[in-house]
Amino acid sequence: ADTLAAVREAIGYIPWYFGLTEAEPKYDVAWLQLTDEQGFSAPYGLTTAERRHPEFRSHGVGRCEWDGAIWPFATSQTLTALANYLNDYPTPHVVGDSVFFRQMELYVESQHHRGRPYIGEYLDETNGAWLMGDRERSRYYNHSTFNDLIITGIVGLRPQDVGSITINPLLPADKWNYFCLDGVSYRGHVLTIIWDKDGQHYHQGRGLTLLVDGQLKAQRETLGKIALEL
């Protein structure tokens, strides 16, 4: 009915998606629900309603119920909001890049069906099965914003309103030894962002490197923030 439900829902993270939330600890604690197995944390990703609620996953399957299953549409919103929280809100943060990275790992793992790349409508939080299976409505649900989460989250290219570049990978130091995002059009320039832990994979130097129009503009040996005026 048209009444409030006494349940935490993932849609509550939307204010961080648009930068509307005030920087106050009383709001930050909401992010702790991403690591709470009674909250939104499940074996195959983030649920849309808290798992502790007595009516969690109680409304059947296949009728557009939003009672807790994992919806990529909602997960992408939550992860974008989390990236904004980690980038745009002051420290200390109550969760870190390890939480973002782990949820991205689960997000990637979920996007398969019968051994092939696939993005569907929604999936079971305990076994990863797509709940709508091969039904036409499910297999056309290409709404995950996957590329954006890789580019602005994992790689950390944070678009700015002014003539500047900010790079801040949400990548724990012990996870990947290298990555490269190349040929990115950005405000009339072409960017290349490289992480090469020991400098032996791309041979462009050790650490995090930013090239603008093919020219080295910034470099640091560890993962972290790079800010550059164009």
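Okay, here's what the table says:
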{"quantity": "Residue that is least open to solvent (accessible area, probe 1.4 Å), among those in the range 26-48 that are over 19 Å from PRO72 (Cβ atoms) and touching a residue at least 60 places away in the same chain (Cβ under 8 Å)", "calculated": "TRP31"}
{"quantity": "Any hit, the range 10-24, residues being in a loop (DSSP other than H, G, I, E, B) and open to solvent by less than 10 Å² (accessible area, probe 1.4 Å)", "calculated": "no"}
{"quantity": "Qualifying positions in the range 12-37 - closer than 20 Å to MET104 by Cβ and among the hydrophobic types (A, V, I, L, M, F, W, C)", "calculated": "ILE14, TRP16, ALA30, TRP31, LEU32, LEU34"}
{"quantity": "Count of the range 101-115 residues which are open to solvent by 70 Å² or more (accessible area, probe 1.4 Å) and over 14 Å from SER138 (Cβ atoms)", "calculated": "3"}
{"quantity": "Number of positions in the range 157-174 that are touching a residue at least 40 places away in the same chain (Cβ under 8 Å) and under 16 Å from the mean Cα position of the chain (by Cα)", "calculated": "7"}
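The values are calculated or read from the model by the stated rules, or taken from the named source; none is laboratory data. The structure displayed is predicted, hence computed values, not measured ones. Using ideal geometry, Cβ is built from the backbone for each residue, glycine included, and neighbour counts are taken over all protein chains shown. Calculation scope for accessible area: heavy atoms of the full protein, side chains included, ligands and nucleic acids excluded. Shrake-Rupley method; radii C 1.70, N 1.55, O 1.52, S 1.80 Å.
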